[in-house]
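Worksheet for the structure shown next.
The values are calculated or read from the model by the stated rules, or taken from the named source; none is laboratory data. Everything numeric here is computed off the predicted structure, so don't read it as measured data. Cβ: placed from backbone, ideal geometry, glycine included. Neighbour counts: every protein chain shown.
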């Protein structure tokens with residue numbers, strides 16, 4: 001049995017860049033500690049957009065350039081460099097079907113007991129990927145470490161945690 005930690009979009013643009021928040025900056029030390037102390041496999045997701053972002057469905061609804069491939073804002077936070085990493089999954093939108101498939105592959109290789117998610121933003125990408133993980137591995141425990149996540153606002157963070165709890169995702 002194996003445990004997996006998914007570090008969602010801990011990128012510069014979400015921490016101190018175009019979409020950064022004080023709450024995102026505040027969780028950085030806790031996220032670092034969670035990764036450093038984790039004994040299973042650690043995967044990272046990275047929000048990834050191209051020059052056409054503003055013409056996409058997401059870009060029309062959130063018209064703020066961010067996480068453009070190859071820019072400093074797209075990079076994982078420097079504070080997380082050198083920590084365990086079994087792979088980085090670039091995702092073009094909130095939830096990653098590639099991550100869900102990777103979790104299924106991991107489960108076929110060695111049964112996955114739990115998947116824990118941490119990162120940004122609780123109310124957009126964390127919840128999207130937690131629900132995909134739950135669908136991909138319905139018999140594994142899917143959990144979110146609340147103190148290692150931040151939402152767009154504190155209120156939306158709390159609402160997302162409640163929605164995940166209602167979907168049998170463990171909130172720690």
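The table below lists the values:
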| item | result |
| --- | --- |
| Filter result (under 16 Å from the mean Cα position of the chain (by Cα) and either part of a helix (DSSP H, G or I) or on the phi > 0 side of the Ramachandran plot (or both)) within the range 159-172 | 160, 161, 164 |
| Condition check for residue 8: touching a residue at least 60 places away in the same chain (Cβ under 8 Å), closer than 24 Å to residue 107 by Cα and surrounded by 22 or more Cβ atoms within 10 Å (Cβ to Cβ) | yes |
| Filtered residues of the range 114-142 (kept if over 12 Å from the mean Cα position of the chain (by Cα), surrounded by 15 or more Cβ atoms within 10 Å (Cβ to Cβ) and not in a helix (DSSP H, G or I)) | 114, 137, 140, 141, 142 |
| The range 158-172, residues that are in contact with a helix residue (DSSP H, G or I) (Cβ under 6 Å, 6 or more places away or on another chain) and either surrounded by 20 or more Cβ atoms within 10 Å (Cβ to Cβ) or at pLDDT below 95 (or both) | 160, 164, 169 |
| Flag for residue 148 being within 14 Å of the chain's Cα centre (by Cα), under 20 Å from residue 170 (Cβ atoms) and in contact (Cβ under 8 Å) with a residue 40 or more places away in the chain | yes |
| Odd one out for residue 70 among (1) within 16 Å of the chain's Cα centre (by Cα); (2) assigned to a loop (DSSP other than H, G, I, E, B) | (1) |
| Hits in the range 41-70 - residues which are within 28 Å of residue 4 (Cα to Cα) and touching a residue at least 40 places away in the same chain (Cβ under 8 Å) | 41, 42, 43, 44, 45, 46, 47, 48, 49, 66, 67 |
| Per-region count, the range 111-132, residues farther than 20 Å from residue 77 by Cβ and touching a helix residue (DSSP H, G or I) at 6+ places or on another chain (Cβ under 8 Å) | 6 |
